[in-house]
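Quick notes on the structure that follows.
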Amino acid sequence: MNKNILVVFTISTDNLPNNFQEIIKHELEIIAQWKAEGILEQFFLKQTKNGAVLVFKDIDEAKAKDLMETLPLYQFVKSVEYFDLIKQF
């Protein structure tokens, strides 16, 4: 399979909890694990720091949605979009 999923998500920064930095730390640990497992190709923070862009590789959109819902920041998601991509090179 040569199919990637691009995920763009934005969180609501209103009323973040006091332990937000701990949540971010746990979030980055999960993302590092995905990278080590080879299912995450790229991870970018938005310039506004209220979201991120992830590129998953060799998984389908349903799996990407399942993975995203496990992220600690998912509880703060304002919007999330999924795009199927086909890698050319």
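The values are calculated or read from the model by the stated rules, or taken from the named source; none is laboratory data. Model, not experiment: these values are computed from the prediction. Every residue, glycine as well, gets a Cβ built from its backbone with ideal geometry; the counts of neighbours run over all protein chains shown. Just so you know, the surface numbers come from the protein's heavy atoms only, side chains and all, with ligands and any DNA or RNA stripped out. Shrake-Rupley method; radii C 1.70, N 1.55, O 1.52, S 1.80 Å.
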Quiz item: Taking the chain, which trypsin sites (Lys or Arg not before Pro) meet the DSSP loop condition and have no more than 14 other C-beta atoms within 10 Å?
Solution: Lys46, Lys49, Lys87
Practice problem: Extending each Cα 7 Å along its Cβ direction at Lys35 and Val8, get the distance between those two points in nm, one decimal. | Solution: 2.2
Quiz item: Which whole-number value in Å² is the accessible area per residue of the stretch 7-79, probe 1.4 Å?
Solution: 62
Practice problem: Would you mind listing how long the stretch 29-77 runs along its three principal axes, going by Cα atoms, in whole Å with the largest first? | Solution: 28, 19, 19
Quiz item: Ignoring ligands and nucleic acids, what accessible area does Val77 show with a 1.4 Å probe (Å², nearest 10)?
Solution: 40
Quiz item: Can you work out the base-10 log of I(q)/I(0) for the chain at q = 0.10, 0.18 1/Å, using the Debye formula on its C-alpha atoms alone?
Solution: -0.25, -0.78
